[in-house]
1. To the nearest 20 debye, what charge dipole does region 491-576 have about its Cα centre, counting +1 at the Cβ of each Lys and Arg and -1 at the Cβ of each Asp and Glu?
2. Express in nm, to one decimal, how much length is gained between A409 and R670 on full extension, taking 0.36 nm for each residue of separation and deducting their alpha carbon distance.
3. Amide H neighbours of A338 under 5 Å, at least 5 residues apart or on other chains, H built in the peptide plane: list them.
4. Quick one: go through region 209-224 and flag any residue whose amide nitrogen is under 19 Å from the point 7 Å out along the Cα-to-Cβ line of D442.
5. I want to check the label-to-label distance for A537 and E524. Put each point 7 Å from Cα in the C-beta direction and report it in nm to one decimal.
6. In nm, to one decimal, how far is the modelled label at L653 from the one at T53, with both set 7 Å along Cα→Cβ?
7. So for each of 423-432, 458-467 I average, over its residues, the number of other beta carbons within 10 Å; can you give me the resulting order with the highest mean first?
8. Given the chain reduced to its alpha-carbon atoms as identical point scatterers, what log10 I(q)/I(0) does the Debye formula return at q = 0.05, 0.08, 0.11 Å⁻¹?
Amino acid sequence: MKRSPSLSATLALTGLLCATSAWAAGTPAGTEIINQATAEFDPPVPTDPGRATSNTVRTVVQAVCSVSVTPDGTLAQPAYSAALLPGERAVFAYTVVNTGNTTGEFPVSARTEASSTLTPPVRVVRDLNGNSQPDAGEPTLTSLTLAPDERVPVLLVVDTSSADSAQGDAYVNLVASCAGGENPDTNNVSLVRVGPPPVLGVEKTFTPALVRPGSETTVTVTTRNGGQGESREVVLTDLLDTQLAQGLVFVPGSARTNVGTLEYTTDGVTWSAQETAPVRGVRVRVASLAPGAAITLTFRMLATPQAEGRVIPNTATARTGGREASGTASADVRYLPAVAIGPVGNPEAPEGTAADTQQKPFAVVGQQVCFDHTAKNTGDVRDTFRLTVTYPQGAARAQFLTATGQPLAQPIALDPGQTVFVRVCYDVQAGPLDALITITGDRGTSNTTRDQVAAVEGGLPELRKSYAATTQGAGGAAVPVPAGATVAAGDTVTYTLTVRNPYTRPLTNAVVTDPLPAHVDFKEASAGGVVSGQPGAQTVTWNLGTLAPGETRTLTVVTQVSTRAVDGEALRNTFNLVTTELTNPLPSNEVATPVWTAQLLIRKDVSAQEAGFGDRLTYTLNITNASATTAIVNAVVTDTPARGLAYIPGTSLLNGKPIPDPTIEGGVLRWTLAEIPAGATVSITYQTRVTPEATGQLVNTVVVSGTGAGGVARAIASNRATATTKLNPLKFAPLADLVGTVFVDRNRNGLFDPLLDTPVPGARVLLAGGRQVLTDVGALLVPQRAPGHPRPAPGPGLGALPAAARAAGRWAQRHADRVRARPDQRGLPARPLGGDIDALRRTVLIVGDVRVEKEVYAVDGGYVVILRLKTPGRWTT
């Protein structure tokens, strides 16, 4: 079979195609390409080889420069598109390839095409790490050196301006070329479209902005997109470190937002959706914010005491893209102390106005004029206040009082809104008076009000009160009770009240009140007087209206002494006058009516109905205070014994116990008792002796007077009591024996001392009537003395002892009554002619009214000691 020659042609063509393929792959320049064709055929002669070889052709590859940038893009079909906001950045990733066959340096640049409406800054950055983002250390390119087929990633970076006017379309192109700008690749256009920016504003408020320590305030933070474009992610942040340091703390659980996600931080760096403690910052994250949309964040903060007096600022920020906005507000943490004072009931009357001024037409020297005020804590914190008065005109002495008239204690502590009543009373010395009352708080606040008095008068209205009492006599007739005398239950007491206006100005709204004594009951009143209250607490009131200058009004009120009245008390009564001009009640004089209803009773008893001369009579006085309520003090018991009755000293007893002897004056006995209790009976007993002066009926009369120990010192007299004893002179013969001892008074003390003195026997004693007697061993006896006053006298029988006789006579004459009345006489002492004894020692001890005397005498064989005890009215040896 014969081969077709076309086959060889075909083979030669195949070799050419291979050479072309090698060039397209970037065959390096200078490469020699050898090409020889061979043909095989069917030889005509079988013995021929059937093959033919062409000559050899040698070709050397020339240097070719070519660069390619991908991806491609045109104005119509940009490689990339980016929608930006002013201030944002676009980054486009490109690849630059050396498509030539030789290593070369290829210029690269970025440009904005002429059809752009915006020309932002552009630059080319080599993406060394291939992350498609410009990083620190990655250089900006102007050229690349590339080996054939080498590929390099690069970035086209477009930075837009943050100005709101930087809006529009920018066609940016990455251009690469060979050296000298040959073979440029310029179809690498991308589009950057900068739209209208969002406009964020931040508003922040504290509600309330003025915060009291211990209270809360609500923080409201709002950011709104006021622009025409939608925002990127918005982060609204409020950091609270500064506030916490000054005492304004976040209230846990109080944060709220209308959109987005709440986050909290404790350090200002790390944020969490979980609320932490303490919260040092709050923020809200929103993916985007459309034009007109807003984010509102609210939370509460507590002002601690540490924050008082501070103005604490706070700033919140909102960020989106490269934009940031902020808003600031301040919380003023303090109290608002305030105070007001004004007329009573109107403390907040505008200061300095007529509503804040009180006026009175006149005051009276010596009479306080008072103005009532109300002070109020109008602030929001407890404060203490002090009141002072100054006088722009006139002079006075001021006193601050409560509503009850007690001194007002200062300083005054008031809670917010609390009020206090303040009465200012002036002792005006001269007028007119303008007083400025100032109240000042410890926290620095103050307020004033004014009191004014147009004129000052001298003297006071004339108020006079008197009374007259009557008791019911026989037949029911009214019997006047003497002035100053006591009244009893059921008696009538009529009070007369007189009021006179002494001024040249009228007294207006005059009111007279008469608080009746508790123990009288109202009967009637003149001139329209009206009684109020229950018996025991009644007051009569007269509304007199206006008292013209110089006018006098007389009023009466009739009362009856109640059974409630107590013995010894005084029914005291005073009436009062008040007027518009004299608001301090002006009292009248006081009248006091003493009361005594019960009696002071006395009964007198005597121990014998008959008595003779020398008899002792015991009298008993029973004194009863019939008052059930009141004691009698300083009661004087006056007893007048009949003639011939002699009081025996030392016999007075009170309720069985000894008391001092009565005073005796003119034969009248008087005892004083400190007290006779109410309803009690006391008993006095004493003794008298019937003397020869007694005759007939022995009538003994006693009376008692005392002072009621109640409210009035009023003398109370008793009834008169008598006791009668009949004198029976024949009951005993009027004879008596005279006994005694005649002795030598060796110690000259006038007393018979048996151990010292010597009885004198055989001494003759003569009586004044001529009778005589001789003593036996010193004893003296004169039997059956005749009535009268016989007196022992010296007689001839005493001649042997003239000194003793003379002494006995003198003693007998001095002590004749004692000898006659007492059988226990101490004798008739006679002065010795010699041998008298002087005491070796005399000692006297006095304790109170007790006297002890001690005498020591030397006698044959030893000593004699004599003790004498003396008490008032008594003595003993």
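Each value in this text was obtained by applying a stated rule to the coordinates, not by laboratory testing. Predicted, not measured: the structure shown is a model, and the values here were computed from it. Every residue, glycine as well, gets a Cβ built from its backbone with ideal geometry; the counts of neighbours run over all protein chains shown.
1. Computed charge dipole of region 491-576: roughly 340 debye.
2. Details: separation 261, 0.36 × 261 = 93.96 nm, distance 5.76 nm.
Once the chain is fully extended between A409 and R670, it gains 88.2 nm.
3. Residues meeting the amide H criterion: T378, G379, D380, V381.
4. Backbone N within reach: 213-214.
5. With each label placed 7 Å out from Cα toward Cβ, I get 2.8 nm.
6. 19.4
7. Details: 423-432: 18.5, 458-467: 15.2.
Sorting 423-432, 458-467 by mean packing, highest first, produces 423-432, 458-467.
8. These q points yield log10 I(q)/I(0) values of -0.74, -1.01, -1.28.
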